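Below is one structure, written out as structure tokens; comments come after it.
A short reminder: the numbers here are calculations on the coordinates, not readings from a lab. Because the structure is predicted, anything quoted here is derived from the model rather than measured. All Cβ positions, even for glycine, are placed from backbone atoms using ideal geometry, and neighbour counts span all protein chains on display.
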Amino acid sequence: MLQLDFVDGTLGWRRRHGGGRGQAVAKAVGLRAGAKPPKVLDCTAGLGRDAFILASLGCVVHGLERSPVVAAALKDALQRAHTDSTTAEALGGRLSFQHADALLVLPELVASIEPEVLYVDPMHPPRPKSALVKKEMRLLREEVGVDVDAEDLVRLALEQGVNRVVVKMPRRAKAWVREPQHQMMGRSTRFDIFLFSN
Ligand SMILES: C[S@@+](CC[C@H](N)C(=O)[O-])C[C@H]1O[C@@H](n2cnc3c(N)ncnc32)[C@H](O)[C@@H]1O
């Protein structure tokens with residue numbers, strides 16, 4: 001069974017010791033010292049890790065998850081996080097999740113939430129050498145499979161007129177839809193960053 005935990009485990013540890021704004025996902029969404037943290041619409045919430053990290057760093061984050069099982073696990077984990085005073089304080093009410101398919105609701109949500117960043121981290125096919133995947137990610141993969149329509153979601157995200165669209169990709173994959181203005185390289189993944197000025 002997929003049970004997520006924002007209080008202890010990896011995320012609790014990362015919140016307490018995990019590098020703050022220096023974390024790759026924080027840099028990718030444009031979190032900077034002295035600037036107001038951006039409002040982020042996470043189109044692919046999954047295990048909620050990126051959403052949690054960004055919210056605990058000051059971003060208002062709304063996460064969408066289309067799998068009912070995963071969405072229920074996210075809401076349950078968030079409810080439990082709110083009963084732990086230090087985690088609740090760190091989140092400051094800035095994190096929320098919704099069971100929805102971003103492909104269906106994105107334009108409507110962009111209009112109502114007015115996010116500064118759209119974040120897309122779909123389920124890519126497993127890498128040949130990725131046997132040591134953590135338990136939660138293995139359960140998530142069993143639940144949702146591969147997001148074969150992910151490029152459609154990136155295309156839709158790029159059409160929304162939001163200033164910044166961030167797409168997490170396997171390090172060596174070809175960029176989707178068009179070349180991004182920036183790429184932030186990690187060991188096995190990278191962030192493609194598309195910028196628009198309105
Ligand atoms: C790789 S996981 C995301 C991991 C997440 N960034 C984290 O930090 O835990 C991708 C998730 O996006 C969800 N997803 C994919 N396409 C979606 C869509 N169009 N709308 C909502 N959720 C979607 C999948 O069901 C899956 O749970």
Checklist entry - So if R0 is 30 Å, what FRET efficiency would ASP8 and VAL146 give, r being the distance between their Cβ atoms, rounded to the nearest 0.05? => result 0.50
Checklist outcome for this item: Here the gain from full extension of PHE196 to ALA33, 0.36 nm per residue of separation minus their alpha-carbon distance, amounts to 56.5 nm
Checklist outcome for this item: Note on the chain, DSSP bridge orientation, antiparallel percent to nearest 5 equals 40 percent
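By the gyration tensor of its Cα atoms, with a ≥ b ≥ c the square roots of the eigenvalues, what is the shape of the stretch 54-108: rounded for a/c under 1.5, prolate for a/b over b/c, or oblate?
Details: a/c = 3.71, a/b = 1.58, b/c = 2.35.
Verdict is oblate for the stretch 54-108.
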Item to check | Sequence-distant aspartates and glutamates (8 or more away, or on other chains) whose Cα lies within less than 17 Å of LYS27 | outcome: ASP42, ASP50, GLU116, ASP121, ASP192
Next on the checklist: What's the ranking of 40-49, 154-163 by average number of surrounding C-beta atoms within 10 Å, highest first?
Outcome noted: 40-49, 154-163
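Hey, can you list the DSSP H helices of the chain whose Cα span along the axis is 15 Å or longer and whose average Kyte-Doolittle score is at least 1.6?
102-113
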Checklist outcome for this item: Quick numbers on the stretch 67-198, Rg and Dmax over C-alpha atoms in Å, give 16.3, 44
Checklist entry - Sorted by packing (mean other beta-carbon atoms within 10 Å per residue), highest first, where do 176-188, 102-114, 3-15 land? => result 3-15, 102-114, 176-188
